[in-house]
Every structure is written in C-alpha cells, then in structure tokens.
C-alpha cells in the first residue's frame, strides 16, 4: 500500500512512517494541506491519514479535493480536538474512518488492513457521488467518549441518504438532538418537523400527518397542509413512536412502503420527499410481542438505527457536560456562573443518572439558580446518594483530595485486579488501550507483576 500522512506534527508523522514501513508499506509525509495535496497528485497514495488542524487549511476543507484526484485515495481523518460535529462532517464528506488522538498503532495497522479489503471492491472513482461538505451544523452533542464519537460517525454515514432511521434510547439521552444533527447534516435549510405521537389526540393525528381537504369532516373549513407535506425535502421526527395508535400505524406503514400519501378527504397522491426519523424509549420488540406495535412497521422503521448511550455508560463526559450546561443555564437565567467543587464533581460522577442528561441539566439548574456562593458544593446539588456512589465511597475509604486522585486509585485498582492486562483493563474501563497507557505514565503507576 502507498500511504500518505498529512499532519504538521512531524514526530507523529515519523512514528507512523516507521511503523507502517516495517509492515512493507511505502510511506510519505507532508506537513501542510497544500504540500499534501501536491504530494497526493504525484504519489497517487492508496490511503491518506489526514489531520484536521493543519497550519494553512482545515483538513475537512482539504478532504473533498483529495477524494477527487484520479487515484481516489481512501482518507482517514485524525484529530486531537473534541468537536463531534467534525466526525459527522468527515464521514458525510466521504472519509473512511475518523480517529481521535492519541493514536493507537495497533488500531492504525488494523485500519490499513481494512482499507486493503475495502479497496478491493470499492466503486471506481467515476461512479463515486459528489460529496457535500456542511460547514456548520448548529447543533452539538457534547462528549468525547468513544460511544459518542461512534454515534456521530454513524450519523455522518446515514446523512448521505434519506434512509429511514430509528433512534432508540432511554429518556433524557438526547434522541431529538441526534435527529436534529442528522437533519442538519443531510438536509440543511429544509424544515425539521417534530411530532410527539403520545401528545396528539389520536383522532387528530391523521390530519396532523397527512393534512385534510376543505369539507372533509365537520370543522374542516379550509385546506390544511400536513406535517409530511410541510417537511418537503426535510425531516419528520416521530417522537415516542411506540405510543402511536394501531390504525395509524397501518397508514404510516403504507406511506413508507409507497412513498406517497393522500390528504384526509383527498384523492390526489402526494409524494413523500421528507426523511422519516422515529424515536422511542420503549422496547419495540416487546411491544410487537404484546401485540401493541405492528411487526411489519417495526422492521420498516429499523432499517437503520441509532442507539443513544445512557449517561452512566459515559461518565467521563460528565465534567464536559456539566461545564457546558452551566454556561447554558446561566445565560438563560441571567445569573452568575458558579464552578463545581471537587466534592460536587465526584458526586456527579458517582450518581447513576436514571434521567440521563436531562436529569443532569435539571440538577445543575436548581443548584445554579439557588447558588449563594461562587462554588457549588456536593450539598448544593441535592442529590440522593445512589448505590454506586456508596460503592465508590466504600472502595476508596478516606475521601480523596482531588478528582485526579480518585481516578488514579480506580485505574490502579483495576490494573491490579486484572494483573495489568492492558486489553482487558481498557475494555473494563471503557477507554482505548492508548488512553490507558497515557494514564499509567501520567499517574506514574508501576506494574508489580513484572
């Protein structure tokens, strides 16, 4: 394989070059977007590792040009930033993969192997559709956890087409936010129409969806455009789809199958041009087995799906979320922004968050508007200790002085319990092996088994 690395970090470039050359790949490096573009024209690489932050131009702006050169290289985006919108943008624009720094050499080798397989069946360059680069999505899901990054990558891939998407997850995980990010990536400038299937009267839901002709029923004194028609070219977001009445489920299924609908009291079919995104916190498979949801509609909706991770599965994002939410809350209520004490942050990290991000926002809102000091304490949060919090307290014994100390103790304990098996420990902690090795160095931990 011919590999081109475009990154202004020369030490990183050299490390990648050495590792890949040992695997018999031909590797060249460029340290700017312009130099990388020229090198790609002459070198004709099979794969390009492209950094987002380059001195002369963003890697995301460089990406479309690289994909158009005659050799059609496979591009892997690299970044040290935590901007999740960049993941959506990169995958939508045609990137093969999106990596967060620090890089794992084993992962790099695995990606190169995947690229080799991918290029053996990928379409010729002339058949590749032109990609559209979205500059700004306007919505952001905060988090650096691998599950959040993977979610954004999948959103970027789904935004390339108008495929139906089912968003599943617990209440408060941000299902509508994910739908809006998908909409902004795939249909910027078009309408986004949200319908809460559990909040609309069942007898009126059909008229809300399809619209009605004048005189079609008592009180229909004028023509009404329905949600499906109004969202022309945009997105219809069906929230709590599991609460939809059975008779309307049958009509929605027909719309999805035929890709057209008729207004209530009308005769002329109207083409469906909007993307359908449905969301639910229910287990639709269970509802199907109970006869409360149509099986054929379930399979039609779940062609593509997004799973929203609960907050307890991405606790490392809580400090980022807390900071962003406090900014939002204090701007909304025009009050001073407090900071979180170490005890308060530890309490947030230990809580189970059954209400997820929505619950976190409510807790911080209450604490911020009632704050009488510049620093919020654990008591100000008014959180009832959870089972996991009591477990952490019991495991740690005396209270640690800092959040870093608490993390150090937890990492060290997990390493010792798994006899310093890096792969198993990283999986248990839900972080990458590279991140784990960095923490071992930062905390100066010593392996007692060597």
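Computed from the coordinates by the stated procedures, all read-outs in this text should not be read as laboratory data. Predicted model, so just to flag it, every value in this text is computed and none were measured. Cβ: placed from backbone, ideal geometry, glycine included. Neighbour counts: every protein chain shown.
Remark: the residue 116-residue 369 segment gains 85.5 nm on full extension, using 0.36 nm per residue and subtracting the alpha carbon distance. Given the range 1-115, report the % of alpha carbon pairs whose separation exceeds 25 Å. Tail of the P(r) past 25 Å holds 10 percent of the pairs. Site pair residue 247 and residue 218 shows an inter-label distance of 1.6 nm when each label is modelled 7 Å from Cα along Cα→Cβ. The overall shape of the chain is oblate: from the C-alpha gyration tensor, with semi-axes ordered a ≥ b ≥ c, the ratio a/c is 1.5 or greater and a/b is no larger than b/c.
When only Cα pairs below 8 angstrom with a gap of at least 6 residues are kept, the chain shows a relative contact order of 11 percent.
For the chain, a Gaussian network of Cα nodes joined below 10 Å ranks 15, 44, 58 by mean-square fluctuation, and the top entry is 15.
Across the range 220-303, the convex hull enclosing all Cα atoms gives 103 Å³ per residue. With R₀ fixed at 45 Å, the C-beta to C-beta distance from residue 404 to residue 273 puts the FRET efficiency at about 0.30.
In terms of its C-alpha gyration tensor, the range 146-194 has an oblate overall shape, because the principal axis ratio a/c (a ≥ b ≥ c, square roots of the eigenvalues) is not below 1.5 and a/b does not outweigh b/c.
Computed from the Cβ-Cβ distance with R0 of 35 Å, the FRET efficiency linking residue 26 to residue 140 stands at 0.35.
In the chain, helices alone account for a calculated mean residue ellipticity at 222 nm of -13500 deg cm²/dmol, with every DSSP H run of four or more residues adding -39,500 (n - 2.57). Size estimate for the range 176-256 follows the Kirkwood approach: the inverse of mean 1/r over distinct Cα pairs works out to 13.6 Å. In this simple spin-label approximation, residue 2 and residue 303 carry label points 7 Å from Cα along the Cα→Cβ vector, and these lie 3.9 nm apart.
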